[in-house]
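Colleague: Before I ask anything, let me first share the structure, which is written out below as structure tokens.
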Amino acid sequence: MNSGPGVLYVLATPLGNLDDLSMRAGKILAAVDLVLCEDTRRSLKLLNHLGLRKRLSSFNEHNQAEKIPGLLARLGSGENLALLSDAGTPALSDPGHMLVKACHEKGIKVVPIPGPSALTAALSVSGIKAERFLFLGFLPAKSSERKKILETYKSFPESLVVFEAPHRLAQAAEDLLAIFGDREVCICRELTKVFEQVSLTTLGKLSDEMKNADVRGEITLVIAGAGNREASAISDSELEELVRAGLGRGISLKAVARELSQETGLSRNLVYRKALEIKNRRGNS
């Protein structure tokens, strides 16, 4: 028997590939008294993979408020609990923050067991600058509400990350294009799973591709930020001067576009296309 309160372990689980579970997470799952699951069926698959037989308890957005008092009592009596979401890190667009906050208020220790996260996984393979970024979670289901949120962040200079449901992706891509313009976007679908897809494209191309597509799986979008200046704020003559200076140093157009993107805060694709137009126009004159 524990002499004091137990511990709540906030434990990250694989997005798809069960081998991504850390050794530490496996040891914690083997030791805890109770496993709190967003969906007990999905968590049972993970425990079966580990060869563990544990007590499971459903803990989701629909029942968390009524379950928290009982869970605090169990923790207070010395039991150790593990909090899991269906996949990835709990309390990030998933249930959990209410229980975590309640534990802090009661002086119960909360310990993170870090691991898989769709957010950081998508950022790492996006190819989009992400020293700073803003996570918006799931966008609203209704287009009008979604556009309202996007209007709020359309001038945000850094990268944006959103989660989206497959059946809403086509409309969401259309709304993103309408509000943000044709920026770079990386679509990450079914990360770590059999049909994993990571594709760096633009919102215009994504919107076109999704119109008649049968999309399935979990989706994370990494969207280039607005930068410190709008594309229209740079004139052709100003950009031409910058392009000529770069090419004059003997570097490629791609390298010039990369440098100018970093200097101006504009999307690299937008700068490249505009610079290419200028170069072709000069070549044909």
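Colleague: H104 fails exactly one of the following numbered conditions: (1) under 14 Å from A12 (Cα atoms); (2) part of a helix (DSSP H, G or I). What is the number of that condition?
Modeller: (1)
Colleague: Take the conditions hydroxyl-bearing (S, T, Y), modelled with pLDDT under 95 and surrounded by 15 or more Cβ atoms within 10 Å (Cβ to Cβ) and apply them to S85. Does it pass?
Modeller: It is true that S85 is hydroxyl-bearing (S, T, Y), modelled with pLDDT under 95 and surrounded by 15 or more Cβ atoms within 10 Å (Cβ to Cβ).
Colleague: If you take the residues in region 77-94 that are touching a helix residue (DSSP H, G or I) at 6+ places or on another chain (Cβ under 7 Å) and among the small types (G, A, S), which one is nearest to V110 (Cα to Cα)?
Modeller: Out of the qualifying residues, it is A82.
Colleague: Please identify the pairs in which a residue from region 173-188 that is outside the structural domain of I149 (by TED's automatic domain parsing) has its Cβ atom under 9 Å from the Cβ atom of a residue that is surrounded by 22 or more Cβ atoms within 10 Å (Cβ to Cβ) and not in a helix (DSSP H, G or I), counting only partners at least 6 apart or on another chain.
Modeller: Cβ pairs passing all conditions: none.
Colleague: Let me ask something additional. In the set P140, P157, which member is free of Cβ contacts under 8 Å to residues at least 12 places away in the same chain, in a loop (DSSP other than H, G, I, E, B) and either touching a Lys or Arg at 6+ places or on another chain (Cβ under 9 Å) or acidic (D, E) (or both)?
Modeller: Checking each option against the conditions leaves just P140.
Colleague: Now for a separate question. Could you tell me whether any residue of region 117-138 is more than 22 Å from L15 (Cβ to Cβ) and of a type in the set (G, A, S)?
Modeller: Within region 117-138, the first condition is being more than 22 Å from L15 (Cβ to Cβ), and the residues that meet it are 129, 131-132.
After this cut, where a residue has to be of a type in the set (G, A, S) as well, the list is none.
Checking region 117-138: not a single residue is more than 22 Å from L15 (Cβ to Cβ) and of a type in the set (G, A, S).
Colleague: Being of a type in the set (A, V, I, L, M, F, W, C) and closer than 21 Å to S93 by Cα is the filter here; which residues of region 23-45 pass it?
Modeller: Result: A25, V35, L36, C37.
Colleague: Within region 170-191, which residues are under 15 Å from the mean Cα position of the chain (by Cα) and surrounded by fewer than 22 Cβ atoms within 10 Å (Cβ to Cβ)?
Modeller: R189, E190
Colleague: Scan region 112-139 residue by residue and report those that are more than 19 Å from S85 (Cα to Cα), modelled with pLDDT under 95 and surrounded by fewer than 16 Cβ atoms within 10 Å (Cβ to Cβ).
Modeller: Residues satisfying the conditions are G127, E131, R132.
Colleague: Has region 6-25 got any residue that is without any contact (Cβ under 8 Å) to a residue 60 or more places away in the chain, surrounded by 16 or more Cβ atoms within 10 Å (Cβ to Cβ) and among the small types (G, A, S)?
Modeller: There is no residue in region 6-25 that is without any contact (Cβ under 8 Å) to a residue 60 or more places away in the chain, surrounded by 16 or more Cβ atoms within 10 Å (Cβ to Cβ) and among the small types (G, A, S).
Colleague: Sort out which residues of region 17-44 are within 24 Å of H97 (Cβ to Cβ), outside any helix (DSSP H, G or I) and not β-branched (V, I, T), and write them in order of number.
Modeller: Passing the criteria: L21, S22, D33, L34, L36, C37, E38, D39.
Colleague: Which one of these does K54 not meet: (1) touching a helix residue (DSSP H, G or I) at 6+ places or on another chain (Cβ under 7 Å); (2) in a helix (DSSP H, G or I)?
Modeller: Single failed check for K54: (2).
The values are calculated or read from the model by the stated rules, or taken from the named source; none is laboratory data. All figures in this text were calculated on a predicted structure; none of them were measured in a lab. No Cβ is skipped: glycine too gets one built from the backbone with ideal geometry, and neighbour counts run over all protein chains shown.
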